[in-house]
1. Output the qualifying pairs, or none if there are none: Cβ atoms under 8 angstrom, residues six or more apart or on different chains, first residue in region 110-135 and of a type in the set (Ser, Thr, Tyr), second residue open to solvent by less than 30 Å² (accessible area, probe 1.4 Å).
2. For residue 370, only one of the following conditions fails: (1) charged (D, E, K, R); (2) within 24 Å of residue 314 (Cβ to Cβ); (3) open to solvent by 20 Å² or more (accessible area, probe 1.4 Å). What is its number?
3. Got a number for residues in region 205-242 being under 20 Å from residue 274 (Cβ atoms), open to solvent by less than 30 Å² (accessible area, probe 1.4 Å) and β-branched (Val, Ile, Thr)?
4. Within region 125-145, restricting attention to residues that are outside any helix (DSSP H, G or I) and in contact with a Leu (Cβ under 8 Å, 6 or more places away or on another chain), which residue is most open to solvent (accessible area, probe 1.4 Å)?
5. It is to be established whether one or more residues within region 421-429 are of a type in the set (Gly, Ala, Ser), open to solvent by less than 60 Å² (accessible area, probe 1.4 Å), closer than 23 Å to residue 468 by Cβ and not in a helix (DSSP H, G or I).
6. In the list 267, 343, 328, which residue meets the criterion of being at pLDDT below 95, open to solvent by less than 10 Å² (accessible area, probe 1.4 Å) and not hydroxyl-bearing (Ser, Thr, Tyr)?
7. Sort out which residues of region 120-162 are under 22 Å from the mean Cα position of the chain (by Cα) and of a type in the set (Val, Ile, Thr), and write them in order of number.
8. In the set 403, 383, which member is modelled with pLDDT under 95 and crowded, with 20+ Cβ neighbours inside 10 Å?
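The values are calculated or read from the model by the stated rules, or taken from the named source; none is laboratory data. Computed from a prediction, not measured in an experiment: that's the story for all the values here. Glycine also receives a Cβ, built like all others from the backbone with ideal geometry; neighbour counts cover every protein chain displayed. For accessibility, only protein heavy atoms count, side chains too; no ligands or nucleic acids. Shrake-Rupley method; radii C 1.70, N 1.55, O 1.52, S 1.80 Å.
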Amino acid sequence: MKIRSYAGITKPSFLLVHPELPALTSRNPQFTSLFTLRIPCNREKLTGMITRSQYSVADRRSATRYGDSSVSNKNTNRLGRRQGGSSSLYSRPSLLDMKNDRMENRARVYEFLRGIGIVPDELDGLELPVTVEVMRERVDFLHKLGLTIEDLNNYPLVLGCSVKKNMIPVLDYLGKLGVRKSTFTEFLRRYPQVLHASVVIDLSPVVKYLQGMDIKPDDIPRVLERYPEVLGFKLEGTMSTSVAYLVGIGVARREIGGVLTRYPEILGMRVGRVIKPFVEYLEDLGIPRLGVARLIEKRPHILGFGLEERVKPNVQSLLEFCVRKESLASVVAQYPEIIGIDLKPKLLSQQSSLKSVIDLSPEEFGRVVEKMPQVVSLSDRPMMKHVDFLKNCGFSLEQVRKMVAGCPQLLALNLDIMKLSFDFFQTEMQRPLDDLVDFPAFFTYGLESTIKPRHKMVSKKGLKCSLGWLLNCSDDKFAQRMDYDTIEMEEMELLPSFDMNTLTEPRSDDSGSDYDDSDDDYV
C-alpha cells in the first residue's frame, strides 16, 4: 500500500480521510496537507486496514494523553498549591492568599504610620489604603490643613477618609458657605468627624435647618466656625427640643436667630439635663421665668455656665461675703456673668483692697456687691484713682467710705466727666459737700442732659430741694414736680436701686440677631 498526499479526490480510487488524523498534523507542523489513503476497493482488506489504523491512532492519542497528563499534573500541582487544591485552569488567588496580601499591605501601612509617630491601634477593622503611597498622600493633605501628628493621634479614624471622595468635597462645601480657610485647622481639631460626612445627606440639611431658625445666611459660617459640632446633630433631636423649650419659657420667637447666632452651643444642650435645671435654679433665686428668658435673649452664653460646677458655688460665695439672700436675684439680673466666673478669689481680692483703702467693713462690701456686682471685675488701679479723686475734692475718708457704700458706681465712672460735674456743683450750684455725701449718685447723671437744665428750672422757681429730689426721677415726673408749690417729704426718694420689673418689660429695641460675640468677653 502506498500513501500519497493529495489536495483533492481522484475518481478511480476510493478516498478515506480519518477524522482524527489532523491531530497528528498538529503534533507535526511540517505536514500541512491532508493525509489520504489510496486503498483498493476490497471490503475485507478495507475493514482490516481501518481497524488497524484506528488502533494505531488510538495508541498515539493514548500516548499523547499520558504525555500531556504528566505536564498537566505538574501545572495542576503548582496551581493547586496557589488555589488551595483547586483544579481550575484559571490562576485565581485563594481567599487565604487574598487575606495574607491584605495583612501584608496593612502591616506596611502600619509600619509607615508608626515611623511618623502615629499609633495605628485604633485603625484595626477600618478600611485603609492598600499602599503606603496613598496613606502618605492622606497624611500630607491633613498636614497641609494644619493638623499635627498629635491631632491625628487624637482622632486617627480621620486616616480612613479618602482625600478625593471625602475630604475635598466637604472642605469645598464649607468654603462655599463662607467658612474661612484660616479656621479650617481649628474646625477640624474640634470636629474631625465632619470629614466622614456626606455633603448632601448630612451637612446640607443641617445648614438649611439653621437658616430655618432665622439665622441669617451671612451668619451661618460664623456659627459653624464657633460650633462645628452642630453639623453632627440630628434635626429632630436635641436641636429642635432646646429651641422649643426656650420659646416656651418666653424667649421671643424673633430673637431665636440672634440667640443661636451668638451662642449656637444651645443647639447641643439637652433640655432635661442642662437648660431646664438652670432656668429653674434662677427662678428659685427669685428671678421670674420671663426675666430669665430676657437674660437669655441678651446674654445666651449664661446657659453654658455649669450649674453644679460653677453657678451654685458662686452663689454660695456671694452669701459668704455678706450678700443678702433676698438680693441674690438682683445681683444675678444686673450682672449674669457673676455666676459664671471664678468668683471667690475676686471677692476676696476686692474686699481686701477696699478694706485697706477706705476701711470698708464686710457688711458694707456686701452692700457694694448688691448695688454694683460688676465691682468684682474692676481692676485695683482704676478704683484707687477714683478714691484719690474724691479725697482731692475735700471729702474725708469717712465720707468717701459712705459715698462708695451708697453708690459704688463712683469707682467705675469716667473721671473726666466726674471732674466736670463736680466743678459745676461747686461753682454754679454752690451746695455743701454733705449734699454729695447724702446723694453720691449725682455723679451718675448727665451734666448737660439732666443736671444743668433741672438746676436751672428749680433755681428759676426758687425751690429748695435735695439732690435726690432733683435728679432721682424721670423727666415726666420732674415736670410734674415743677407744678408743686412745696416739696413733700414722701417724694424725697432714696438712692436708685435695681428694679426687677425692668427686666420683664417688653423689648423696645431691634432684634439682636446680628452676629456679635462680645457677650462672651467678660472677665
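1. From region 110-135, the pairs are 110/120; 110/123; 131/109.
2. Going through the list (1) charged (D, E, K, R); (2) within 24 Å of residue 314 (Cβ to Cβ); (3) open to solvent by 20 Å² or more (accessible area, probe 1.4 Å), residue 370 breaks only (3).
3. 2
4. Once the filter is applied, the top-ranked residue is 126.
5. no
6. 267
7. 148, 149, 158
8. On the way: 403 fails: modelled with pLDDT under 95.
Of the residues listed, the single one that is modelled with pLDDT under 95 and crowded, with 20+ Cβ neighbours inside 10 Å is 383.
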